[in-house]
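**Q** What follows is a single structure, and I will ask about it in a moment.
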Amino acid sequence: MKPLKARTRSVSPSIRVPSEHNPLKSSFANRSSFFKRTVNKISSLFEKRRYKPIIFFILLIFCLALFHTILSPIFPGGEYHQLLIEKQKYDSIPYIGLDQNIPAELIEGTTIYHVSKEFGPATLSNVGQVVTSLASSQANNGSLDVNVIIPYYSFIKRLYKLQKFAQLEVQIRDSHQKWKPVKFFVHRFLWNITSNPDDPNGKITNLSEPRSVQVYLIGSPKGVFPLDLSFIADDATEIYSSRYPLSQDWQDIFFCKAAAELITYLNTDIDTPLFGLKEVRGVDVVHLHGSPNALVIEFMKSLYVGGKFKMAPPSIVYTIHDHLKEHLYSNSIVNVQKFIELKNYPKVRSQYFNGRQLYTSAIGIDQAQMVTFTSKIIAQEMVEDSMDFYAKELIIPSILKRAIKGEWIGISNGLDFNLYNPFNDILLVETNSNFPKNIHNFDPALLYAESIENSTQSLITTSKFNAKLHLVREGLLLKEDLNRTIVLFIGNFQYTKGLEFFQAAIDLLVSKNIKFIIMEDSGFPISSLKHLVNYYPNNLVIIDDVDFKLSWGNLYRSAADILFVPSKTESFGLMAAAEGLLFGSPIVSIGSEKLKEYLVNKTNMNNYNSYLYNLKDENNSGLSINEMKIALNNSVDDMIRLNNNPIEKEIFIRKIIKDALKLGWNRPGGPIEEYIKVYRTALLKLRKKLN
């Protein structure tokens, strides 16, 4: 079995074998000799008592420097620190949610500005996927003016023709703690929407003009060291890194302050031309995504108080994308003071501080007009069921205050058919693994009359078999995998309940000779599972290379028979399940009545798309591993049965794909309409406050 290497799609994987000849061998030998002589000299100094304190002091400084050097790239700023926090118990309150009587409409041309670290080509996590899909679907709506503000990552200039938009400045403290004006450029480009994110066929119809999203890029301040190293990235995998000696805190906070300055600039009073077709608007809504961008609110507030807004300030919507780790993001007080005057802030708003860190998520929750979370189910459980998670004390008090007023809204994400598209994906098309587009005009009766072998209709089972076949040819699957069931896990281990589910699942699947492919996102010590590959090389594959997943992910999705989603604690778990359905895979996942929007448990032989089980056992004392094994075992047995009845399998796969097609962003009553209601509510609340 060849190792899974990151590679382009057009070149077969290869194994690089290092040469045995090493021209540097003698050089290393000389260095080794020099090292030994140096150690001997230091040892001789230790024998002299008067040098011992000096030597110990030097070694201590050396060790501290080495420790800092090793950890700085891992925790460069914006860190997740260990907290000293007293555990609290909170009373549950009813979840109010959106007022369904609010019209899902805004004034024509309402301006929306999304502020995010990720978008489009600069996407590394689910945050970028959500922001890209949301903004694209909003722009495709046609009545909104949709914009995005992100950092100017250096690799973006290779991808787009950028236009210089403005030169702005912010105040930053210098080494003498004096405020100093720092200038930076803002560039922009148009993100053209070439296909409909809500149509799996990618068609855009009835458009009088092309749809696009205006993307503003915050550049680094030139000539101001080390801030001029901000946003240097060779590709999307480096967007959360900072170049030494730049602190990640500085880079993050600078972006927040610069974004606030840009929003202020865009919200200046611009006169509408006498014969203008429509009124020129400023900034109506600022939509902040994630705790790293929460400080934008503080900077905007200071600019408004300072009189820099010439028009009414925009309303602010703050979205939390992950309740398990996002709230742990923090900046050190020392670094924050370089960009903002704290004064008595730690005393007046002590709830935002712990130790020497400022935790920003609660700032966004408290000060935005409306707060949303990317899962309706989890948003409800956080206030009604007192959901327990690490350091919830940082945000739950703020969330409960907003929930009482109906300002805490859960909006489950839509499914973007451009992101994971089994119908039009280039690699799937090149390998004849793309799904046929006859989803809605397929005739089951004709298939029964003709048989699978003689079918005149294009079949999805043929496409899925071709995906397996290509992976076998590339050496990424075994030949025997062509005729056995493949179970796929896609997700982020840091959000799951633990390894117990995986160990039990592996044991079960190996006993049934099933292929188990684990395609992990990030954030987990994958080595805890990798050692199992040595024990089960024919049954277990673990993929954790980012570039490899980007290149080959959809082919694995197409080849899979079953998708395993072992935890609903991940905000994106539900959408991962929806993506599995889109690729024709039934889901094995956590179950509850609230999941009916996405998943229908197998209660009869016809109308189901999933196998659901409880997260906890009957005594609520541990994980329901036995229930999980029953659900997983049933799914495998049913798939084996379907493999022996290919016509029934074809019809079943088409049914679950149709279930997925109902989950687009712009579906009636879906997330786009819900966000419009949130924006409308936020605008009304701000207007009421100003009046």
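The values are calculated or read from the model by the stated rules, or taken from the named source; none is laboratory data. As the structure is a prediction and not an experimental result, all values here were calculated from the model. Because the Cβ atoms are built from the backbone with ideal geometry, glycine has one as well, and the counts that use them run over all protein chains shown.
Here is a yes/no grid of residues against (1) under 23 Å from A560 (Cβ atoms); (2) among the hydrophobic types (A, V, I, L, M, F, W, C):
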| site | (1), (2) |
| --- | --- |
| S433 | yes, no |
| H440 | no, no |
| L446 | no, yes |
| S455 | yes, no |
| S458 | yes, no |
| T462 | yes, no |
| K468 | yes, no |
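**Q** Scan (1) closer than 26 Å to D547 by Cα; (2) at pLDDT 95 or above for the single condition H531 breaks and write down its number.
**A** (2)
**Q** State whether one or more residues within the range 226-246 are modelled with pLDDT of 95 or more, within 24 Å of the chain's Cα centre (by Cα) and farther than 19 Å from A122 by Cβ.
**A** No, the range 226-246 contains no residue that is modelled with pLDDT of 95 or more, within 24 Å of the chain's Cα centre (by Cα) and farther than 19 Å from A122 by Cβ.
**Q** If you don't mind, another one. Of all residues in the range 363-390, count the ones that are in a helix (DSSP H, G or I), within 20 Å of the chain's Cα centre (by Cα) and buried (at least 20 other Cβ atoms within 10 Å of the Cβ).
**A** Qualifying residue count, the range 363-390: 5.
**Q** Next up: Out of all the residues in the range 113-120, is one or more within 21 Å of G664 (Cβ to Cβ), among the hydroxyl-bearing types (S, T, Y), outside any strand (DSSP E or B) and assigned by TED's automatic domain parsing to the domain that holds V213?
**A** For the range 113-120, residues within 21 Å of G664 (Cβ to Cβ), among the hydroxyl-bearing types (S, T, Y), outside any strand (DSSP E or B) and assigned by TED's automatic domain parsing to the domain that holds V213: absent.
**Q** Can you find a residue in the range 495-512 that is under 25 Å from I656 (Cα atoms), exposed (fewer than 15 other Cβ atoms within 10 Å of the Cβ) and either at pLDDT below 90 or of a type outside the set (D, E) (or both)?
**A** Taking every residue of the range 495-512 in turn, none turns out to be under 25 Å from I656 (Cα atoms), exposed (fewer than 15 other Cβ atoms within 10 Å of the Cβ) and either at pLDDT below 90 or of a type outside the set (D, E) (or both).
**Q** Only one of these conditions is not met by K437: (1) within 30 Å of L661 (Cα to Cα); (2) over 23 Å from the mean Cα position of the chain (by Cα); (3) surrounded by 15 or more Cβ atoms within 10 Å (Cβ to Cβ). Which number is it?
**A** All conditions pass for K437, except number (3).
Listed here are the residues, each with its yes/no results for (1) farther than 25 Å from N267 by Cβ; (2) in contact with a helix residue (DSSP H, G or I) (Cβ under 9 Å, 6 or more places away or on another chain); (3) among the aliphatic types (A, V, I, L, M).
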site	(1), (2), (3)
P346	yes, yes, no
I363	no, yes, yes
A391	yes, yes, yes
I396	yes, yes, yes
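**Q** Still on this structure: Yes or no: the range 142-150 includes at least one residue that is assigned to a loop (DSSP other than H, G, I, E, B) and over 30 Å from L684 (Cα atoms).
**A** No, because not a single residue in the range 142-150 is assigned to a loop (DSSP other than H, G, I, E, B) and over 30 Å from L684 (Cα atoms).
**Q** Output the residue which, of all residues in the range 630-651 that are part of a helix (DSSP H, G or I) and of a type in the set (S, T, N, Q), is farthest from P444 (Cα to Cα). Explain how you work it out, then say what you get.
**A** Applying the first criterion (part of a helix (DSSP H, G or I)) to the range 630-651 yields 630-643, 646-651.
Among the residues that remain, those that are also of a type in the set (S, T, N, Q) are: 633-635, 643.
On the way: N633: 28, N634: 26, S635: 23, N643: 17 Å.
Here the answer is N633.
**Q** Which of the following residues is closer than 28 Å to I651 by Cβ and touching a residue at least 60 places away in the same chain (Cβ under 8 Å): N438, N454, N421? Spell out the reasoning first.
**A** Working: N438 fails: touching a residue at least 60 places away in the same chain (Cβ under 8 Å); N454 fails: touching a residue at least 60 places away in the same chain (Cβ under 8 Å).
The conditions single out N421.
**Q** Is at least one residue of the range 660-677 within 27 Å of D388 (Cα to Cα), outside any loop (DSSP other than H, G, I, E, B) and modelled with pLDDT under 95?
**A** Within the range 660-677 (the criterion being within 27 Å of D388 (Cα to Cα), outside any loop (DSSP other than H, G, I, E, B) and modelled with pLDDT under 95), the answer is yes, since at least one residue qualifies.
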